[in-house]
Amino acid sequence: MKDTGLYLIIGGVIIFSLVFISKIISFIVSNPLLGLASLAIIAGVILILFNMVKENREAKKDEPFRGVDK
């Protein structure tokens with residue numbers, strides 16, 4: 001019984017999430033200014049994430065004890 005209840009809860013949450021996300025996307029697409037703003041936000045987040053990954057890779061190269069056994 002617990003497994004069935006858990007599966008029903010997970011299925012309901014997935015369906016609710018898909019419907020909610022589709023409503024938000026349809027609202028954004030119906031308004032061109034909101035669509036442009038959301039594209040700008042997504043592009044900015046992607047650029048920041050790429051910059052963070054690049055800085056993380058460069059910081060790993062400059063570790064003082066890299067490859068040294070303690």
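Taking only DSSP H segments of four or more residues, each worth -39500 (n - 2.57), what value at 222 nm results for the chain once the sum is divided by all its residues, to the nearest 500 deg cm²/dmol?
Details: 2 runs with 59 residues, N = 70.
Computed mean residue ellipticity for the chain: -30500 deg cm²/dmol.
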Problem set entry | Folded to 0 to 90 degrees: helix 2-30 orientation relative to the chain principal axis, Cα | 90 degrees
Exercise. If you take the Cα Rg of the chain and divide it by 2.2 N^0.38 Å, with N the number of residues, what do you get?
Worked result: 1.98
Problem set entry | Separation in nanometres of the label points that stand 7 Å from Cα toward Cβ, at residue 6 and residue 42 | 3.4 nm
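A short reminder: the numbers here are calculations on the coordinates, not readings from a lab. Everything numeric here is computed off the predicted structure, so don't read it as measured data. With ideal geometry, Cβ positions are generated from the backbone for all residues, glycine too; neighbour counts draw on all protein chains shown.
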